[in-house]
Amino acid sequence: MNKIPVIIDCDPGVDDTLALMLAHQMEELDIKAITTVAGNAPIAYTFRNGRNVMDYIGAQVPVYKGAEKPLLRTLQTAAHIHGEDGMGGVVLPASKQSVESEAAWDAIHRIAAEEKGELTLIAVGPMTNIAIALSKYEDMKDLIKRIVIMGGAAIGGNVTPCAEFNIYEDPEAAEMMFTSGIPVYMCGLDVTMEAYMSRAEIEKLMALGSKEAKLFHDVEQKALAFYDEMGRPGVALHDPTAVLFAAYPELFQGEWCGVHVETKGKITSGKTVTDLYSDKQFDTHNTFIVTKVDREAFVQKIFDLMANY
Ligand code: BDR
Ligand code: CA
């Protein structure tokens, strides 16, 4: 099988942790690196968590540190879902791997060049590292085959009525990415709110018995309580959705359209403005907005992957 070379850019983050665990079990993916960015928690935590998670699951993959704040804005973390340290209260043993000194954006550029245009970048945190790579390296946009993101929404938001967290956090960076010319596959709230697991399904998953299944269960408890309070049927698996889309697109449906990010709006800042449901009059249609998931098949795939631990 020809594996897909990928870098996962993330801000672990409880659902980022699940995405890393699932990606490690996908034989379709060849994970070249993990790059980390400030978002759900400050960079010191997201970098540490990324390293600890990869070590805990036995993945020999280098983890790089990226941006400590959005391009122009102040960092706003999401402690109410992810806890102050980004792991929802779960403490993992410290990674024993050596610490990488190369910056995330330099690693992204170097690896993309090594992969000669075949690299898929999966971005499940704010897009700051990607924007820095795009502005630092002129050839960056020609070296990446596609970017699969968790971010945005054609309709609605979760931080504000208009904006999803990863885009809201750094709208300028997201706009740079959407207008770079690189094809973007957007797994936003339209699909991720439907890609959920119920409390009962998560309990059943823990019964698989591995330490990774227990981590899956434990790390999601704070988020699960948050979704319970909202009256939702389960916890949205935002970041796993992007990783599963990268490997199993047949589980999803969507459509090509144009996207721009609102960077000036007073109450609409961070909105992913799309012509998906309107006149298709935007200049380019380089974004595939994922709108639907076969939830049963999605959850089954998660069970299959986690059963390999
Ligand atoms: C996104 O924001 C973060 O809190 C999650 O990790 C996910 O990437 C959902 O809006
Ligand atoms: Ca994330």
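Every read-out reported here was derived from the displayed coordinates using simple, explicitly stated rules and does not represent laboratory data. All of these numbers come straight from a predicted model, not from anything done at the bench. Glycine gets a Cβ as well: all are built from the backbone with ideal geometry, and neighbour counts include every protein chain shown.
For the peptides 19-30, 38-49, residues were scored by their other Cβ atoms within 10 Å and the scores averaged per peptide; the highest-first order is 38-49, 19-30.
Using a cut-off of 21 Å between Cα atoms, the listed pairs K214/K301; K69/K264; K69/K271; K136/K266 include K136/K266 as exceeding that distance.
Report, as a whole number in µm² per second, the diffusion coefficient that Stokes-Einstein gives for region 4-306 at 4 °C and 1.567 mPa s using the Kirkwood radius over alpha carbon pairs. Roughly 69 µm²/s, to the nearest whole number.
Among the chymotrypsin sites (Phe, Trp or Tyr not before Pro) within region 243-278, those in coil by DSSP and having at most 12 neighbouring Cβ atoms inside 10 Å are Y277. Our analysis of region 172-309 gives Rg over Rh at 1.03, with the two radii drawn from alpha carbon positions and Rh computed by the Kirkwood formula. D15 sits among other residues whose Cβ lies under 12 Å from its own Cβ, and their net charge, with Lys and Arg +1 and Asp and Glu -1, is -3. Counting only lysines at least 8 places from K145 when in the same chain, those with an alpha carbon closer than 17 Å to its own are K3, K32, K116.
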